[in-house]
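*Asks:* A single structure is presented below for examination.
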Amino acid sequence: MYLAAATGRLLPDLLSSFLKRYPHVNVKLLQGTTQECQNLLERGEVDLAITHPLIQDERVQSVSLLTENMFLAVPPDHHLSNQKKVSLSEAAGETFISLTKTYELTETTTNMCRQAGFSPNIAFECNDAEVILRMVNNGLGVALIPEHWWTYPDHRWAQSSEKREMPVYLPIIDHYSKRVVGLSWVKARYLTMAARELRDFTIRYFEELNEDSM
């Protein structure tokens, strides 16, 4: 079966858990923007799509998997680093480090900044979350990051025997500082047993993940 996804870092744990339970299923993963995932879904080239935001189309059934808080990552010695929470407008004059424009998250974070009343000054663009957090830690700027980047981090550089500082992750109090990740499929299209197994497993997986985080 074929799965399209606009987010990558949530998938390894999900798919490894799924394949342990259903080792007979062969999952082929295609990654792209939400619009690209929607196009693949509507053309019948994939069975399911995991996107943010949710696909809004009357032909498509979409369910919310995760409502994720966004955080402002700042260097350890940043003037905001001792605050417990921030409004995004407090970062209006900062230099930002961002994913490249090909990522859906970049549009999400840019729109968040516009809602806060400013356009972000993006000095560095990168396609690697770990590199972005390294750059923040080294004082090159700040970054807007989803919660799963640091709740389930892949910080091999911070887990080494050498003691390192980490960026400071500040909750953002603004109501728009969230993103919704969802699962979609075409209502009128038949889903194979494998696709139904992955759909149902994914919904249960995130329900349990949300319960554990409460």
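*Asks:* Kindly provide the set of residues from region 50-106 that are under 30 Å from V27 (Cβ atoms), acidic (D, E) and over 12 Å from the mean Cα position of the chain (by Cα), ordered by number.
*Replies:* Passing the criteria: D57, E58.
*Asks:* Within region 63-82, identify whether any single residue is more than 30 Å from T202 (Cα to Cα), of a type outside the set (D, E, K, R), in contact with a Phe, Trp or Tyr (Cβ under 7 Å, 6 or more places away or on another chain) and surrounded by 14 or more Cβ atoms within 10 Å (Cβ to Cβ), and answer yes or no.
*Replies:* Looking for residues that are more than 30 Å from T202 (Cα to Cα), of a type outside the set (D, E, K, R), in contact with a Phe, Trp or Tyr (Cβ under 7 Å, 6 or more places away or on another chain) and surrounded by 14 or more Cβ atoms within 10 Å (Cβ to Cβ), one finds none in region 63-82, hence no.
*Asks:* Do we have any residue at all in region 197-211 that's modelled with pLDDT of 90 or more and farther than 20 Å from A5 by Cβ?
*Replies:* no
*Asks:* Could you please let me know if E130 is under 15 Å from Y176 (Cα atoms) and among the acidic types (D, E)? Reasoning before the result, please.
*Replies:* Values: under 15 Å from Y176 (Cα atoms): no; among the acidic types (D, E): yes.
The answer is no for E130.
*Asks:* Same structure again: List the pairs whose first member sits in region 27-55 and is without any contact (Cβ under 8 Å) to a residue 60 or more places away in the chain and under 15 Å from L198 (Cα atoms), whose second member is among the small types (G, A, S) and open to solvent by 40 Å² or more (accessible area, probe 1.4 Å), and whose Cβ atoms are under 9 Å apart, counting only residues at least 6 apart or on separate chains?
*Replies:* Hits for this filter: zero, empty list.
*Asks:* Please go through region 10-21 and pick out each residue that is surrounded by 15 or more Cβ atoms within 10 Å (Cβ to Cβ), under 16 Å from the mean Cα position of the chain (by Cα) and touching a residue at least 60 places away in the same chain (Cβ under 8 Å).
*Replies:* Of everything in region 10-21, those that are surrounded by 15 or more Cβ atoms within 10 Å (Cβ to Cβ), under 16 Å from the mean Cα position of the chain (by Cα) and touching a residue at least 60 places away in the same chain (Cβ under 8 Å) turn out to be L10, L14.
*Asks:* May I ask you to list the residues in region 118-160 that are over 18 Å from the mean Cα position of the chain (by Cα), polar (S, T, N, Q) and either assigned to a helix (DSSP H, G or I) or at pLDDT below 90 (or both)?
*Replies:* Residues satisfying the conditions are N137, Q159, S160.
*Asks:* So V27 ticks every box in (1) open to solvent by less than 10 Å² (accessible area, probe 1.4 Å); (2) aliphatic (A, V, I, L, M); (3) within 29 Å of K187 (Cα to Cα) but one. Which box is left unticked?
*Replies:* Just one mismatch for V27, condition (1).
*Asks:* A further question follows. Conditions first: (1) within 30 Å of I203 (Cβ to Cβ); (2) among the acidic types (D, E); (3) surrounded by fewer than 19 Cβ atoms within 10 Å (Cβ to Cβ). D47 passes all but one, so which condition is the exception?
*Replies:* If we test D47 against (1) within 30 Å of I203 (Cβ to Cβ); (2) among the acidic types (D, E); (3) surrounded by fewer than 19 Cβ atoms within 10 Å (Cβ to Cβ), just (3) comes out false.
*Asks:* Of the residues L198, L209, L191, only one is of a type outside the set (D, E, K, R), more than 23 Å from Q56 (Cβ to Cβ) and either touching a strand residue (DSSP E or B) at 6+ places or on another chain (Cβ under 9 Å) or part of a helix (DSSP H, G or I) (or both); which? Before you say what the answer is, go through the steps one by one.
*Replies:* Numbers: L198 fails: more than 23 Å from Q56 (Cβ to Cβ); L191 fails: more than 23 Å from Q56 (Cβ to Cβ).
Among L198, L209, L191, only L209 is of a type outside the set (D, E, K, R), more than 23 Å from Q56 (Cβ to Cβ) and either touching a strand residue (DSSP E or B) at 6+ places or on another chain (Cβ under 9 Å) or part of a helix (DSSP H, G or I) (or both).
*Asks:* Within region 93-135, take every residue that is among the small types (G, A, S) and in contact with a helix residue (DSSP H, G or I) (Cβ under 8 Å, 6 or more places away or on another chain) and give me the one that is surrounded by the fewest Cβ atoms within 10 Å (Cβ to Cβ). Walk me through it before giving the result.
*Replies:* Looking only at region 93-135, we keep the residues that are among the small types (G, A, S), and these are 93, 98, 116-117, 119, 123, 129.
Retained after the next criterion (residues that are in contact with a helix residue (DSSP H, G or I) (Cβ under 8 Å, 6 or more places away or on another chain)): 98, 116-117, 119, 129.
Values: S98: 21, A116: 19, G117: 9, S119: 11, A129: 22.
Residue satisfying both the conditions and the ranking: G117.
The values are calculated or read from the model by the stated rules, or taken from the named source; none is laboratory data. Treat the numbers as computed from the prediction; the structure is a model and nothing was measured. All Cβ positions, even for glycine, are placed from backbone atoms using ideal geometry, and neighbour counts span all protein chains on display. Ligands, DNA and RNA are stripped out before the accessible areas are found, and what is left, the full protein with its side chains, is counted by its heavy atoms. Shrake-Rupley method; radii C 1.70, N 1.55, O 1.52, S 1.80 Å.
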